Amino acid sequence: MMTHGFRDELRQHVTVNTRFLILAIFAVSMTLFTGNYAYAQQSNMSEQTMLSEDLKNDPMAQNLLKKIEQTKKMIEDLQQKEYEQNQARENLERARDLSLENLNQDLKMWERLWEQHSSRNAFDSFVSNKPEHVQGVFWDQFEFKEQKVKAGRSAMNQVLANGGTMQAAKDAYNTAASTQRIELIEVNAQFNVKHNLADYEEQQLFNSTGQIHFSPYAESKLSEFYSDHKLQPNYILANPDDASISVQRSLTGNDVTQCDEGYVLVSRITSEYKTCVDEVIAETWATNNVPGIIIYNHDVGEISSDVKTNPATNCGEGYQVVYHLSQSEYQCVSDYAAKQMLSDDTAEIHTLIEYIHGKDKQKITADNIYEINQKILKINKDFSAAKKSLESEYQEMLANEEMLIKQDIRQVIIEYKSSPNFTREELSESISELNNAHDAIKEKIIEQRDTALFKLESEQKNKILDAVKGYEQNPDIKIDWNDYVDETPNAKESESKQTIGATTSKVSYEPPNNDFVFDNKVIRIDNVDIVNSFGQKLSNIKSSQILQVVADITNPSDLKQDFVYMLDIKDNKDNPIRPTAWVTGTLTAEQTFNVGLSWIPEESGEFTATISTGNSMESVSHVADIGIVIS
């Protein structure tokens, strides 16, 4: 390329010498015009000769011609120099292109040379030496590392794109790409479940540090897993000679390929040692997705150990994991859908760390629920025993009364036979009086029994209330208050009343037409009934006694749908007795749920319980009426 100095120099020489050239031409012209005009009529040769002679004798012209020659020589030199520079420049470009081509070839050769030493190929070489059944776990670990690196680079580039410093970009990379120990523990557990090396439910008993979360709840779950250890694959496959288990002892080993009828060939993933196991046992393993085994050549289904979607799930390019708030579950959705859901506040993004800490919190919640339910189970057990004892005591009192009345009647008959003055009419009258007297006593005993049972039920209810109270505001614990919805002061006052001479009640209703359609969705209603707080059907209902209006609600479709169960109580004049009560919920596909709402009748009379249901409050419709007569 021509430099500025060279261009200035060339411009200066061209300008000066051009001036000399103009002067030379002007001088020649003046000489021609000062000569005799007749010379112009001569031949060209003569004219040139005369002109040359004149120029040779003119010092000024000679000087100008000399300058012209010098200028022409200088211009030629400059043009030659520029040509040489252009040639040098072209040679340099060609050399650069050749060097670049050689460099690229060297780089490709270098890449081919070191391709086997890349992180993926080096890891592949490492994994290929591992047992086949664990290679999938190692590759999932590698992909998890790649996700972390990708997240780190993305965070770093985002900082740089926003004008951040290099240090800030490095910090962003380290934060996004770093992996905590609890993350490794969690993903390793998931990878082992995914590749049929561990049981999902068992892994849920471990906390974030990889330790068993020991608690009464965890112990109960472990007891469920290993209640019959002799049906566990590890035991059967390791103890084929145990006479108490059903295996073909003659068909065991590495070379077994077929079993007799009724048996299935199985082995552990970690061993090629095969055993013929009872078909029923193998089917049970397949149904329960028991991990760690392979079932060969049999139509009992494959063992599948799917891990629920969570923040560690690799959804693939263009997808990501979000937590769907209304469905309370993690889902893989497209990046566009995720952006829309986050904008609509229908989803959240959770980190793996948040997910792991949430699981630890769920274990504590599960412990609380288990403890509460254990208390309730003990309360119910104690109630059942006390109720059985109480009923037995009053049954014995009624039996004694029956024996006494028989004795009294027998004594009257003896007196009738021994006394001639004792008429038959008097005998009948005496027996009737005895029956009436004993009936009154039996009614009193039954009344006392019912009062005692009512008191026992009230005590049980209060104990259960004490067990669950304090957890009402806990969002992680759901308490079914169906048995205890009427907790007003008046209701408690009614509970404390012990009505003497409880009257018999009559319950009647027309069975509903089972299936109802709401918004093109079907809900089935069955088994509408009146029961007490413990689900027992009522034959006698007292005023102030708690009763439940219950029904079975079924979702017969294969899609999840919401439901509303509503109850109205009216007297025989169609006047509402209490405010409308309702309960809402969600039914999964083909799920049946027993739902009930309570009512405490405070006086005798005829009442109607009206049941309505639907998919929402707007779609609720009447489905059944129950007539209740308390006389």
Charge dipole of the stretch 53-100 about the Cα centre (unit charges at C-beta), most positive-ward option of Leu65, Ile75, Ser99: Ser99
Amide hydrogen neighbours beyond the local backbone of Val528, cut-off 5 Å, H modeled: Asp552
Amide H contacts of Ile577 (H built 1.01 Å from N, under 5 Å, at least 5 apart or other chain): Ile569, Lys570, Asp571
Separation of the Glu101 and Lys130 label points, Cα + 7 Å toward Cβ, nm: 4.6
Cut-off under 5 Å, modelled amide H: who pairs with Ile630 long-range: Lys506, Gly605, Glu606, Phe607
Global form of the stretch 65-162, assessed from the alpha-carbon gyration tensor, a/c cut-off 1.5: oblate
Accessible area per residue in Å² at 1.4 Å probe, computed on the stretch 93-230: 67
Gain upon complete extension [Asn86, Glu69; 0.36 nm per residue less C-alpha separation]: 3.6 nm
Backbone N within the stretch 137-167 under 17 Å of label point (7 Å from Ser119 Cα along the Cβ vector): 138-157
Accessible carbon and sulfur surface of the stretch 319-432 relative to its total accessible area, %, 1.4 Å: 52
Stretchable slack from Ile349 to Glu371, in nm (0.36 nm times residue separation minus alpha-carbon distance): 4.7 nm
Approximate spin-label separation Lys406-Leu222, in nm, with each point projected 7 Å along Cα-to-Cβ: 5.8
J(HN,Hα) series, the stretch 57-74, from Karplus relation 6.51 cos²θ - 1.76 cosθ + 1.60, nearest Hz, glycine and proline x: 8, 9, x, 5, 5, 4, 5, 5, 4, 5, 5, 4, 4, 5, 5, 4, 5, 5
Centroid-to-centroid separation of the stretch 131-207 and the stretch 363-404 [C-alpha atoms, Å]: 53
Shape of the stretch 329-422, Cα gyration tensor, a/c cut at 1.5: prolate
Rounded to whole Hz, the Karplus (6.51, -1.76, 1.60) HN-Hα couplings of the stretch 170-177, x for glycine and proline: 5, 5, 5, 4, 4, 5, 6, 8
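For the stretch 570-631, what class follows from the C-alpha gyration tensor (a ≥ b ≥ c being the square roots of its eigenvalues): rounded when a/c is under 1.5, otherwise prolate if a/b is larger than b/c, else oblate?
Note, shape of the stretch 570-631 comes out prolate.
Tell me, in nm to one decimal, what length is gained between Asn174 and Ala399 on full extension, where the rule is 0.36 nm per residue of separation less the Cα-Cα distance?
Full extension of this stretch gives 72.6 nm more.
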Phi to ³J(HN,Hα) by Karplus 6.51 cos²θ - 1.76 cosθ + 1.60 over the stretch 318-330, Hz, x for Gly, Pro: x, 10, 8, 8, 10, 9, 6, 5, 5, 9, 6, 7, 8
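The values are calculated or read from the model by the stated rules, or taken from the named source; none is laboratory data. All values reported here derive from a predicted model rather than from experimental measurement. Because the Cβ atoms are built from the backbone with ideal geometry, glycine has one as well, and the counts that use them run over all protein chains shown. In case anyone asks, the SASA skips ligands and DNA or RNA and just uses the protein heavy atoms, side chains included. Shrake-Rupley method; radii C 1.70, N 1.55, O 1.52, S 1.80 Å.
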